[in-house]
Structure formats: structure tokens, C-alpha cells
Amino acid sequence: MFQKTTFKISPGNGLGTTPGYGGFTFGCAQEPKDGKIKLVNSYHSCREGLVSGLRDRIIKEAVLQPTDKMHMIFRWAAGIDGRTKKVKPGEIEKVESWIQRSVAALHAFDSLAGWPLTRVYKIETNYDEWLRACYFLSSRRWLKASYMVSLYVLVVRMCKDERITGFKNFDGLVKVIKEATTGGHKLVYDHSYVRDSMPYWEAMMKGYSKMFRKRKMPYYWDKDRINGHEGSGEGIQYLVSGDTAYSEVRSQLLKIKRELDTKKKK
């Protein structure tokens, strides 16, 4: 699963304190240099917070924000025993399994779209035994619009649920999630976001070219497209729920989904 290269965090750009929101945070990374990697800005626990900062950097073509590929650092914190201040038994294994499920899920999406598979590299965490950090390197297409970035992080975060496993492809992944959520059962994380967006995943990946390939990246991140929403809420949920002000891409998504649904019925 992991690439052979292991990176170190650049001096002055440490991995920080215990990550929030269930021990999981993330941030955009610069391209590694001399075996070291650093953040572009800061870590986030909110997908829309990440999207908002990205929007400002991309439309201004910020020098430190690479747009050649999706460069992300993800951090996972293992549970700590409040009394002993040590990692609880089995917690590291849970984190590492979460990482493995995340990579498998992203590969299912990548393969569906015909994109290069996401590559994952370990990041040294030194003395922080409770922490695991990885550098994810994926196709530039994941960075083309805020909705794609939001979906990307959602896929990784939902994989905290141990039931999301045993699949071999995208259809298998969807089947596993549906089976895990039957009878009123919910996913550990982001249940409603996964439930609402999952019917549109295939359309977004297979219809990417029609939705986002016509113009350069800044066009799809421009605040003019979202009519004053300022980008804070323009993640995957806004797009699939119809709350987005970006009517052009919403219409394209619905058209692609209808076409796919029609083919399946034949």
C-alpha cells in the first residue's frame, strides 16, 4: 500500500497537537523537497474550511499552492488513556486499518474514472507514538473544483467505519456501504453526507470531463460561480442537495446522472 519513500516534516512545520474531530485532520501540502514535506497553510477538521482556503489560493494562483496534482497530508490520532497518558491497546491498529480502507476506497474511485491510482507515503512522526501521518498524492482532477476536493476528504474520513472493507471495485464499495446502512444503521462518520452524495458519485467520476474539463482550474473555483457564497459551504453536500448557487455544474451533474440511470434500466 505504501510507497517505499518516507518523508519528514520540514522544520517549523510540525505535525502539531492532537488532531480534533475524532482524531482526524488534513491539509494541503507542498510538493516534497529533499525528503521533507510541509503544509501550504494549516490543518483542518472541516472539509468546507479546507475548501474555503483553497479557493482563495487557487483563484489568486498562490505560489505555494501546487495545482499539478492533489497533494494532501492526513493525520490520525490514536486514542489515549486519560489515566496513564499512553495509547490504548489496539488503537494504533485501528488507525492503520482506517488508512488502508481509505486508500482502497480512493483507488476504487480512481479506477472508475480511469485516473492514476492515488499513491500514499508515510510521514515520520518521531516521538508522537499516538500519531500517524501520511502524504496522499493523487490526480490533479481531484483538485479541479471544490466539490471534488470535498468528496475526496469525505471518502477518506468515512473509512473510519470498519464495515467499509472487503470490496474490490467501486460497485463493491457502494454495495458494502449500502449493506452497512440497512435497517436504520448508520456509518460512524458523515452518515448523512455519504447517504446524500453516494447516488451521485458515479456521475461525478464518469462525467468529470463534461463537468470540469472545458476550462482552466481557476474558473471552477471563482467566487463569481457561487454568487456570494464565498466558498465556505460549496462542498459536495451543496452540489448534490441543490443548495449550490453554481447552477451550471449542478445541471450538468443531473444530466449525466439521468443518462447513466437510463442506461442501467435498459
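The values are calculated or read from the model by the stated rules, or taken from the named source; none is laboratory data. In this text, all values refer to a predicted model and were calculated from it rather than measured experimentally. Don't worry about glycine lacking a Cβ; one is built from the backbone with ideal geometry, like all the others, and counts go over all protein chains shown.
Observations on the model:
- Counted residues, segment 95-116 - those being under 16 Å from the mean Cα position of the chain (by Cα) and at pLDDT below 95: 0
- Against the criterion of being closer than 30 Å to GLY35 by Cα and surrounded by fewer than 21 Cβ atoms within 10 Å (Cβ to Cβ), ARG157 does not qualify.
- Qualifying residue in segment 209-216 (condition: part of a helix (DSSP H, G or I), at pLDDT 95 or above and buried (at least 21 other Cβ atoms within 10 Å of the Cβ)): yes
- Tabulated pairs, segment 71-83, first over 9 Å from LEU131 (Cα atoms), second acidic (Asp, Glu), C-beta under 7 angstrom, 6+ apart or interchain: HIS71/GLU31; GLY79/GLU91
- Yes/no for VAL87 being over 27 Å from GLN65 (Cβ atoms) and touching a Lys or Arg at 6+ places or on another chain (Cβ under 9 Å): no
- Residue count for segment 127-138, restricted to those that are closer than 21 Å to LYS4 by Cβ and not hydrophobic (A, V, I, L, M, F, W, C): 3.
- Selection status of SER52, at pLDDT 95 or above and small (Gly, Ala, Ser): no
- If the condition is being of a type in the set (A, V, I, L, M) and in contact with a Lys or Arg (Cβ under 6 Å, 6 or more places away or on another chain), then segment 118-159 contributes ALA133, LEU137, VAL153.
- For segment 162-196, a residue qualifies if it is closer than 22 Å to LEU117 by Cβ, buried (at least 16 other Cβ atoms within 10 Å of the Cβ) and polar (S, T, N, Q), but none of them does.
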